[in-house]
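Engineer: Attaching a single structure in structure tokens format; questions to follow.
The values are calculated or read from the model by the stated rules, or taken from the named source; none is laboratory data. What you see is a predicted model, and the numbers here were worked out from it, not measured in a lab. Note: ideal-geometry Cβ built from the backbone for every residue, glycine included; neighbour counts use all protein chains shown. Note: accessible area is taken over every heavy atom of the protein model, side chains too, but ligands, DNA and RNA are not part of it. Shrake-Rupley method; radii C 1.70, N 1.55, O 1.52, S 1.80 Å.
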Amino acid sequence: MASWSEFAADEPRLADEIRLLLQQYGPGFGYLATVRADGGPRVHPVSPVITDDGLWCFVIDSPKRRDLERDGRFALHSFPPEESDDEAYVAGRARPVTDPATVARVARIGRAAPQGDWRLFEFTVDVAMLTRRDQVTRPGGGRPEVRVWLDPGAGVPALRDPLAPEGRRGRHGFDTRRPAA
């Protein structure tokens, strides 16, 4: 499980582009998917906070918070831009943050109401994906550009299409400029 800062150090351009999509309307905005107790998905809008050292989210007392407390797996998806169908996706594990100084610092940055019944979670990054669709020069045509980062410390073998052209490879060995299949 990589921290946001570890992911950003390994793939700074990809991290910047994902950050821009998640913060395109000012404060962070995306959809958080969690795992319900019965194993099904649950999706809610959230306002993630991205700093140089982490990807954070304040979660009020709710079914989604109970999901994260019970089973930390999550997926975070950006809200679509008005002018394109570009998208950003991050998946990993959420862990509650209990350090008062960290909570106070992220609360200031994220402008979290101090009287709220929320808990701060840090989201690690196992997978990060960015999809760009060039609607300006090729409306409705062409394949999207998909870039994927897999946490090199997760122990998952890197997969590669042997027929795909050579692209840029991050430390993780995954082709980050491979077009969608």
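Engineer: Looking only at segment 131-153, decide whether some residue is surrounded by 14 or more Cβ atoms within 10 Å (Cβ to Cβ), within 25 Å of Asp67 (Cβ to Cβ) and at pLDDT below 90.
Structural biologist: no
Engineer: Something else: For Glu166, are the conditions met, namely being at pLDDT 80 or above and either in a strand (DSSP E or B) or not aliphatic (A, V, I, L, M) (or both)?
Structural biologist: When the stated conditions are applied, Glu166 does not pass them.
Engineer: Output the number of residues of segment 15-67 satisfying the condition of being within 18 Å of Ser3 (Cα to Cα), in a strand (DSSP E or B), touching a residue at least 60 places away in the same chain (Cβ under 8 Å) and β-branched (Val, Ile, Thr).
Structural biologist: Counting residues in segment 15-67 that are within 18 Å of Ser3 (Cα to Cα), in a strand (DSSP E or B), touching a residue at least 60 places away in the same chain (Cβ under 8 Å) and β-branched (Val, Ile, Thr) gives 1.
Engineer: Is it the case that some residue within segment 82-97 is over 24 Å from Leu14 (Cα atoms), modelled with pLDDT of 85 or more and not in a loop (DSSP other than H, G, I, E, B)? Reasoning before the result, please.
Structural biologist: Start the filter on segment 82-97 by keeping residues that are over 24 Å from Leu14 (Cα atoms), which leaves 96-97.
Of the ones still in play, those that are also modelled with pLDDT of 85 or more are 96-97.
Narrowing further to those that are not in a loop (DSSP other than H, G, I, E, B): 96.
Yes - at least one qualifying residue is present in segment 82-97.
Engineer: Go through (1) β-branched (Val, Ile, Thr); (2) open to solvent by less than 20 Å² (accessible area, probe 1.4 Å); (3) modelled with pLDDT of 90 or more one by one and return the number of the condition Ile109 breaks.
Structural biologist: The single condition Ile109 does not satisfy is (2).
Engineer: Among the residues of segment 114-128, is there at least one that is surrounded by fewer than 18 Cβ atoms within 10 Å (Cβ to Cβ), modelled with pLDDT under 95 and of a type in the set (A, V, I, L, M, F, W, C)?
Structural biologist: no
Engineer: Quick one: Gly72 ticks every box in (1) among the small types (Gly, Ala, Ser); (2) under 20 Å from Val148 (Cβ atoms); (3) surrounded by 17 or more Cβ atoms within 10 Å (Cβ to Cβ) except a single one, so which number is it?
Structural biologist: The failed condition is (2).
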